[in-house]
């Protein structure tokens, strides 16, 4: 018995000159096999099918997992059954079998398979489309501890940082050009961190990083890394120290006390002396107060010692700080009575002690 031979839709039966009609089925095509979606936006899983039948197709979309998840099943564009809660209000079917998935979530990423069958057709058409879902990359920036580094120092590290973005890939640029491979330049496993060891003068340049994922790309502003020679650093430090020293010496040499401050202190001292004189005058009995306040006691004026008292005051002031007014008067009287009669009494003592003696006699 001879086997049958199938050729381009025809079935040839050997041994009996018989040809059957060609086999019919659904043919599905898709313009793309990979679609990149963005979180929160929509993605169209586009397909086209062809069939010799005019009946409505039965369409079934599944998300391939360890256990396939049925996304939607329909006859034509009419959904059969109840949609899963996570797909409700996010699904739309078109007559050609295409599926529009709205408000994409990261969990929607995966491989989708569509099956289209028609009752009169012998074969069911199948097609798969891969969908990726990502968050756009925010603008990155290069983080560095210090933008200045000393030549031949151990190392400096650049970190390419960004807030948002999934599946990022990193590229480092030096002066706007991709960084060449160098044994001194070390990259982290994800290439996010660049470390340059044994810094040389040639490393003085602009550095930036580029971050990209399937749906977006971001480039950081350039960061200038300045490399100093060791000799240059010493010159800068020594020059700064000398300038600071000269400034301090100049300020100290040019500083003078304020004249206004000196006058103010002198006025305060004079007011204090006048206040002390007034306090001493209050100790005298009524009737013995001088008509006008004077630094020369009235008792000295009575004995004609004006000039000597004045002279004594000048000598005392030149010798040092002025003593209290009462003490000055006693000193002036003693100088004025030198060489006079021993029994002569101090008028100041009489003035002060007189009322006290009188009071004592009355009490007695």
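A few comments on the model shown:
- Potential extension, residue 190-residue 138 segment - 0.36 nm per residue separation minus Cα distance: 17.0 nm
- Using the average count of surrounding beta-carbon atoms within 10 Å as a protection proxy, the listed peptides 188-201, 125-138 rank, highest first, as 125-138, 188-201.
- Residue 107-residue 182 pseudo-label distance in nm [points 7 Å out on the Cα-to-Cβ vector]: 4.8 nm
- You can think of it this way: the chain between residue 41 and residue 202 has 53.3 nm of extra reach, that is 0.36 nm per residue less the Cα-Cα gap.
- In range of the label at residue 95: residues from the range 47-89 whose backbone nitrogen is under 18 Å from the point 7 Å along Cα→Cβ: 47-59, 74-79
- For a paramagnetic label modelled on residue 145 (point 7 Å from Cα along Cα→Cβ), amide N atoms under 15 Å away belong, within the range 158-192, to 158-159.
Read the figures in this text as sums done on the coordinates, not as results from a lab. Since we're looking at a predicted model, the values are computed, not measured. Because the Cβ atoms are built from the backbone with ideal geometry, glycine has one as well, and the counts that use them run over all protein chains shown.
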